[in-house]
Amino acid sequence: MPTLLDKIDATRVPAHVAIIMDGNGRWAKERSMERSAGHVEGVNTVRLITEAASEAGVKYLTLYAFSTENWNRPQTEVDALMHLIVIAIERETPDLIKNNVRLDMIGDFSRMPAEALGRLRQCMADTAHCTGLTLVLALSYSARWEITEAVRQIALKAKNGELEPEDIDDAAVSSHLSTAGMPDPDLLIRTGGDKRVSNFLLWQIAYSEIYVTPTYWPDFDKEQFYGAIIEYQSRERRFGLTSEQLTK
Ligand code: FPP
């Protein structure tokens with residue numbers, strides 16, 4: 001079967017793709033189902049897109065699985081989501097290892113239920129040796145929380161004389177974020193049609209290409225993911241320069 005994967009220029013694959021997985025609730029509502037049924041279906045998409053990213057040669061795939069603000073959803077939905085994420089990751093760990101995928105997490109772990117955190121940490125340890133795709137789950141994550149934490153750490157170092165204020169530059173800030181050591185996302189995908197960034201990776205997406213699709217997350221598939229990469233490859237990334245400067 002023809003696949004858009006063959007149309008991707010392998011020399012210009014985005015190293016880091018970040019995704020705001022939105023539309024699970026609306027997907028379920030359109031089918032008169034509970035919102036949690038949308039999240040269950042969304043887990044299948046996580047599996048598919050992890051495979052697709054691996055096959056395309058993406059190095060980092062960051063998924064916004066649970067935001068700081070999501071703690072304010074009805075307790076039953078919060079519990080169901082946490083449970084679903086932990087169960088899915090545990091179930092998929094053998095396949096992650098088989099496919100050489102390393103699991104990582106970013107977020108405010110102090111707010112995570114201890115049991116869920118312990119089980120996710122175990123999955124991270126089990127995949128720590130994998131060298132292919134790194135699958136980063138943003139859990140209990142918000143960019144303002146992350147930047148506030150970085151500022152706090154930097155201020156503490158300055159106070160203790162470990163860092164001079166003149167030495168605080170872009171790289172110093174980046175190295176205090178939870179994504180330290182990862183490349184910034186080249187491509188940010190949002191499903192579900194809303195045109196906003198919802199407190200996700202605000203520092204890191206400074207120069208990311210943004211791709212919004214109306215497709216709800218449970219209906220997003222491999223071909224659509226490859227389509228997003230192909231569109232990304234058709235764009236000219238100028239990083240604040242002019243077109244003429246880029247071709248020199
Ligand atoms: C947004 O849809 C989606 C979420 C808040 C959760 C996304 C989580 C998953 C797909 C499960 C992740 C699982 C793993 C293993 C990482 P929404 O409920 O806000 O949808 P709506 O905008 O239509 O209401």
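From the cross-link list K7/K98; K59/K222; K59/K248, which pairs have alpha carbons spaced over 19 Å apart?
As for pairs spanning more than 19 Å Cα to Cα, those are K7/K98; K59/K248.
Per 0.36 nm of contour for each residue apart, how much would the distance between A125 and K248 grow if the chain were fully extended, relative to their Cα-Cα spacing? Don't jump to the answer; show the numbers that get you there.
Working: separation 123, 0.36 × 123 = 44.28 nm, distance 4.59 nm.
This chain segment gains 39.7 nm when fully extended.
Below 8 Å, C-alpha to C-alpha, sequence gap of six or more: please give me the relative contact order for region 151-234 in percent.
Details: 64 pairs, mean separation 21.2, N = 84.
Normalised by residue count, the contact order of region 151-234 is 25 percent.
When only alpha-carbon atoms are used, what values of Rg and Dmax, in angstrom, describe region 207-248?
Radius of gyration, then largest Cα-Cα span, for region 207-248: 13.8, 44 Å.
Kirkwood hydrodynamic radius, region 171-221, all distinct C-alpha pairs: what's the number in Å?
12.2
Which residue fluctuates most in the GNM of the chain (Cα springs below 10 Å): D104, D167, D95?
Looking only at D104, D167, D95, the biggest GNM fluctuation is shown by D167.
Where the only charges are on Cβ atoms (+1 Lys, Arg; -1 Asp, Glu), what is the dipole of the chain about its Cα centre, to the nearest 20 debye?
Using Cβ point charges on Lys, Arg, Asp and Glu, the chain gives about 260 debye.
In the chain, what percent of the accessible surface is made up of carbon and sulfur (1.4 Å probe, ligands and nucleic acids excluded)? Walk me through the intermediate numbers first.
Details: 6820 of 12870 Å².
Roughly 53 percent, rounded to a whole number.
Probe of 1.4 angstrom, ligands and nucleic acids ignored: what's the accessible area per residue over region 122-248, in square angstrom? Write down the numbers at each step before the final one.
Values: 6650 Å² over 127 residues.
Heavy-atom SASA per residue in region 122-248 reads 52 Å².
Projected onto the charge dipole of region 44-140 (+1 at Lys/Arg Cβ, -1 at Asp/Glu Cβ, origin at the Cα centre), which of G118, G132, A52 gives the Cα projection farthest towards the positive end?
G132
From Cα pairs below 8 angstrom and at least 6 apart in sequence, can you work out the relative contact order of region 1-87, rounded to a whole percent?
37
Along the three principal axes, how long is region 107-220 when you take its alpha carbons, biggest first, rounded to the nearest angstrom?
Sorted largest first, the three principal extents are 52, 34, 29 Å.
Rounded to two decimal places and with Rh computed the Kirkwood way over Cα pairs, what is Rg over Rh for region 132-193?
Radius of gyration over Kirkwood radius for region 132-193 works out to 1.06.
Take the Cα coordinates of region 1-83, assign each an equal point scatterer, and use the Debye formula without solvent to give log10 I(q)/I(0) at q = 0.25, 0.26 Å⁻¹.
Scattering profile of region 1-83, log10 relative to I(0): -1.22, -1.28.
How many nm separate the modelled label positions at S175 and K195, each set 7 Å beyond the Cα in the direction of the Cβ?
Taking the two extended label points, one gets 3.9 nm.
If I stretch the segment between V40 and V151 completely, what's the gain in nm (0.36 nm per residue apart, minus their alpha carbon distance), one decimal? Please report the intermediate quantities before stating the final value.
Values: separation 111, 0.36 × 111 = 39.96 nm, distance 3.66 nm.
My answer for the length gained is 36.3 nm.
Could you give the alpha-carbon Rg of region 1-159 over 2.2 N^0.38 Å, rounded to two decimals?
With N residues counted in region 1-159, Rg over 2.2 N^0.38 Å equals 1.13.
Taking only C-alpha pairs under 8 Å that are 6+ residues apart, what is the relative contact order of the chain in percent?
29
Would you tally the net charge around D194, using a Cβ to Cβ cut-off of less than 12 Å, leaving D194 out, and scoring K and R as +1, D and E as -1?
Numbers: positive: R26, R190, K195, R196; negative: D22.
With Lys, Arg at +1 and Asp, Glu at -1, the neighbours total +3.
Just to confirm a number: summing +1 for Lys and Arg and -1 for Asp and Glu over residues other than T93 whose beta-carbon lies under 14 angstrom from that of T93, what do you get? Display every interim value, and only then the final one.
On the way: positive: R47, R91, K98, R102, R119, R121; negative: E90, E92, D95, D104, D126.
Net charge around T93: +1.
Which of E41, E77, E166 moves most in a GNM of the chain, Cα contacts under 10 Å?
E166
Just to confirm a number: summing +1 for Lys and Arg and -1 for Asp and Glu over residues other than P113 whose beta-carbon lies under 12 angstrom from that of P113, what do you get?
Summing Lys and Arg as +1 and Asp and Glu as -1 gives 0.
Quote the FRET efficiency, to the nearest 0.05, computed for K159 versus R47 with a Förster distance R0 of 45 Å and r equal to the Cβ-Cβ distance.
Numbers: r = 46 Å, r/R0 = 1.01.
The formula returns an efficiency of 0.50 here.
Taking a 1.4 Å probe, which of S110, S208, S36 shows the most accessible area, and what order do the others take after it?
S110, S36, S208
The values are calculated or read from the model by the stated rules, or taken from the named source; none is laboratory data. Computed from a prediction, not measured in an experiment: that's the story for all the values here. We place every Cβ from the backbone using ideal geometry, glycine too, and count neighbours over all the protein chains shown. Ligands, DNA and RNA are excluded from the accessible area calculation, which covers all protein heavy atoms including side chains. Shrake-Rupley method; radii C 1.70, N 1.55, O 1.52, S 1.80 Å.
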